[in-house]
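Okay, structure first, notes after.
The values are calculated or read from the model by the stated rules, or taken from the named source; none is laboratory data. Keep in mind the model is a prediction, meaning the values are calculated, not measured. Neighbour counts run over all protein chains shown; Cβ positions are idealised from the backbone, glycine included.
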Amino acid sequence: MILSIDTCLGASAIAILDADRVLATRAEPMTRGHQERIGILARETAAEAGVAFADLSRIAVTVGPGSFTGLRVGLAFAKGLATALSIPCVGVNTLESLAFGTKGFAVALIDARMSQVYIQAFVDGAAVMAPDALGLGEAAARLVELHPGGPTTLIGSGAPLLADVLKGATILTPAAPDPVAIARLAAKRPAPVHAPRPLYLRAPYATLPAA
């Protein structure tokens with residue numbers, strides 16, 4: 001039984017799956033306040049599913065890219081719960097979570113501000129590039145370079161920024177990945193040797209003052 005956690009983007013979300021069966025899932029849109037809500041959501045979702053945390057065999061959590069604060073909240077909660085239960089904690093890339101289940105050429109795009117996007121492209125679920133942070137011009141060129149033809153989906157908050165690059169592409173703008181997708185991705189992976197770490201694709205804006 002697996003519990004998934006996401007706080008990287010515009011929601012706090014939890015899902016609990018037993019093999020392929022979804023027992024319960026909850027998501028609350030928010031850009032702040034993940035720390036106050038994620039533990040409560042986890043307890044409420046477990047109660048709805050009729051399971052105790054002790055019944056879990058694995059924790060899944062998004063590791064970024066996303067909000068610097070948000071992703072660390074989810075990671076801290078996931079690792080703490082996994083440690084307390086002595087079960088594996090599996091990290092999942094936010095971009096692959098967004099694109100999960102999309103057929104054909106799918107590109108996950110998160111608006112990273114300052115005329116940049118976090119980007120990763122897939123063909124029938126298989127990654128054809130590593131996750132990256134690119135300027136809009138570079139991202140547009142990468143889309144054209146990788147596009148194999150056929151059905152195309154741009155998904156994520158950054159999708160509208162590149163909607164005109166590939167004509168006829170389907171544009172999807174979920175606020176956050178589906179926690180069920182996160183659980184299903186993590187369920188297929190071997191137990192990790194080390195705890196997951198944040199996936200930062202660029203340095204934070206805030207810096208310490210010079211000494």
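Details
- Residues in segment 20-40 that are surrounded by fewer than 20 Cβ atoms within 10 Å (Cβ to Cβ), aliphatic (A, V, I, L, M) and outside any strand (DSSP E or B): Met30, Ile40.
So that you can scan it fast, the table gives a plain yes or no per residue for (1) of a type in the set (Gly, Ala, Ser); (2) closer than 15 Å to Arg202 by Cα; (3) in the same structural domain as Ser67 (by TED's automatic domain parsing):
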| position | (1), (2), (3) |
| --- | --- |
| Phe105 | no, no, no |
| Ala108 | yes, no, no |
| Ala112 | yes, yes, no |
| Val123 | no, no, no |
| Pro131 | no, yes, no |
| Ala140 | yes, no, no |
| Pro148 | no, no, no |
| Pro160 | no, no, no |
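- Counting only helices (runs of 4 or more DSSP H) that fall entirely inside segment 55-154 and contain at least 1 residues that are in contact with a helix residue (DSSP H, G or I) (Cβ under 8 Å, 6 or more places away or on another chain), surrounded by fewer than 19 Cβ atoms within 10 Å (Cβ to Cβ) and without any contact (Cβ under 8 Å) to a residue 60 or more places away in the chain, the qualifying elements are 68-85, 136-146.
- Residues of segment 1-19 that turn out to be outside any strand (DSSP E or B) and of a type outside the set (Gly, Ala, Ser), as a count: 4
- The set of residues in segment 28-37 being under 25 Å from Gly158 (Cα atoms) and either at pLDDT 95 or above or of a type in the set (Asp, Glu) (or both) consists of Glu28 alone.
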